DNA sequence: CAAATAAATGAATAAAAATTCATTTATGCA
DNA sequence: TGCATAAATGAATTTTTATTCATTTATTTG
């Protein structure tokens with residue numbers, strides 16, 4: 001019995017297929033970018049017929065936009081996972097620093113998708129502002145560090161944020177590409193570099 | 001009289017059109033990515049007929065690959081512009097640091113293209129290694145800093161490089177997007193942050 | 001178990017994009 | 001100046017890709 005089967009005998013939709021489609025799409029984009037994406041490839045990769053994709057999505061544009069909305073929601077919550085107000089400054093910073101790094105490594109295809117989406121024919125202006133809003137919680141943590149006297153106060157919060165974010169991103173990408181392998185020791189070193197940079 | 005006009009009366013090619021085509025292509029990709037690129041759009045943007053593009057390039061793939069080859073060559077030389085062996089460590093580092101930043105700002109569409117190309121259906125394995133080779137001259141400068149005792153010696157050169165590069169990239173991109181405006185003061189602050197991070 | 005219904009399929013069709021080519025235009029040379 | 005030639009053009013064609021739809025399959029319910 002399905003929510004929608006108010007008329008007898010409706011075969012129910014298998015919403016698990018949406019995840020298959022998303023996973024296939026992300027895998028394909030990770031390799032060849034949005035430029036290489038076709039509905040036929042998505043169908044093949046997710047082991048469905050092309051027509052099936054159109055049961056769950058209006059068209060290709062809709063599929064890509066829905067995927068963006070889903071990932072955007074998921075990402076924000078992951079960045080702040082485990083954070084609470086009463087943590088000390090260094091612990092707070094390390095937490096979100098690690099969350100960013102782990103996110104970019106564990107959800108690499110998602111990260112690539114979000115970046116490519118941002119510069120694609122699919123993005124709308126309303127979506128552009130969301131990338132910005134993801135920064136505010138981290139700004140708040142850095143600001144706390146300034147207020148408590150841990151962090152240099154002659155540099156913008158924004159700049160300190162960019163310095164950390166850029167480093168993490170490079171580190172994660174090189175790790176995923178296998179160019180520079182990041183283990184626990186390296187992570188410790190890397191965080192200490194970021195920490196040293198912020199310190200008063 | 002043209003190089004190719006060994007037979008009387010050949011109208012000569014206008015090789016300036018190649019630059020028009022490249023500029024149009026970069027502008028279009030900066031906005032909508034390689035995913036949004038069509039030959040019709042390139043033609044319109046460069047004020048040529050679609051057929052004209054096929055006089056100078058075999059096809060779309062060829063155009064994109066040729067553009068990649070050109071930019072790759074130009075970029076490497078720009079990063080080291082003004083560098084000489086006898087400069088002190090801090091000056092060397094600041095020079096390449098500034099070159100990277102200025103390059104990413106002044107040649108933003110080129111930078112975007114190179115990044116998107118890297119994850120597109122057009123890249124070949126042989127091209128992947130080139131991105132790597134661009135790093136070596138900067139590695140050498142940082143290594144010099146380690147040898148002369150300016151730079152921490154318990155962290156890989158690669159990691160220090162990634163920390164600087166990532167920061168510069170974020171800074172430049174936010175500046176170009178108009179989200180965080182970078183003036184001379186900010187550049188000074190930013191370099192000092194990178195410097196502090198490297199210091200022993 | 002059979003009827004009813006939508007899901008799933010993939011070949012057929014439509015739409016979009018790449019590429020060609022018949023025609024026109026501009027240029028170099030005698 | 002006029003001829004020869006390739007450049008330039010953009011409509012026509014081909015190719016690729018997105019989307020539809022007639023048909024088959026699976027599921028729900030009485």
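The mean sequence distance of close C-alpha pairs (under 8 Å, at least 6 residues apart), as a share of the length of the stretch A:140-200, puts its relative contact order at 45 percent. Once a ≥ b ≥ c are taken as the square roots of the eigenvalues of the Cα gyration tensor of the stretch A:114-176, is the result rounded (a/c under 1.5), prolate (a/b larger than b/c) or oblate (a/b not larger than b/c)? Oblate is the answer for the stretch A:114-176, as a/c is 1.5 or above yet b/c matches or exceeds a/b. The mean count of C-beta atoms from other chains within 10 Å of the C-beta of residues in B:149-162, rounded to a whole number, is 4. Could you tell me which of rounded, prolate or oblate describes the protein assembly as shown, using a ≥ b ≥ c as the square roots of the eigenvalues of the alpha-carbon gyration tensor, with rounded for a/c under 1.5 and, failing that, prolate when a/b is larger than b/c and oblate otherwise? Oblate, since a/c reaches 1.5 and b/c is not below a/b.
Paramagnetic label reach from residue A:83 (point 7 Å along Cα→Cβ; backbone nitrogen cut-off under 19 Å): within the stretch A:109-153, residues A:111, A:129-152. Neighbour counting of Cβ atoms within 10 Å sorts the residues A:11, B:119, fewest neighbours leading, into A:11, B:119.
Rounded to the nearest 500, the 222 nm mean residue ellipticity of chain A from helices alone is -22000 deg cm²/dmol, with -39,500 (n - 2.57) taken per DSSP H run of at least 4 residues. When chain A is turned onto chain B, the axis of that turn runs closest to one Cβ of chain A, and that residue with its distance in whole Å is A:166, 2. Here residue B:52 yields copy-to-copy label distances, from shortest upward, of 4.8 nm, the label point defined as 7 Å from Cα along Cα to C-beta.
As a rough guide to protection, the peptides A:140-149, B:32-41 ranked by mean Cβ packing within 10 Å, highest first, stand as B:32-41, A:140-149. Using R₀ = 56 Å, calculate the FRET efficiency as 1/(1 + (r/R₀)^6) where r is the Cβ-Cβ separation of residue B:98 and residue A:11; round to 0.05. Efficiency, from the Cβ-Cβ distance: 0.30. Using R0 = 30 Å, the C-beta based FRET efficiency linking residue B:47 and residue A:125 works out to 0.60. Spatial offset of the stretch B:100-122 relative to the stretch A:50-127 amounts to 23 Å, using the alpha carbon center of each. The shape of chain A comes out prolate: with a ≥ b ≥ c from the C-alpha gyration tensor, a/c is at least 1.5 and a/b beats b/c. Taking the number of Cβ atoms within 10 Å of each Cβ as an exposure proxy, the fewest-first ranking of B:173, A:177 is A:177, B:173. Per residue, the average separation of C-alpha pairs within less than 8 Å and at least 6 apart gives chain B a relative contact order of 19 percent.
Taking Cα atoms only, the orientation of helix A:136-147 departs from the longest principal axis of chain A by about 10 degrees.
Rule-based calculations on the coordinates, nothing more; no lab input. Quick caveat: nothing in here was measured; it's all calculated off a predicted structure. Positions of Cβ are backbone-derived with ideal geometry, glycine not excepted, and every protein chain shown enters the neighbour counts.
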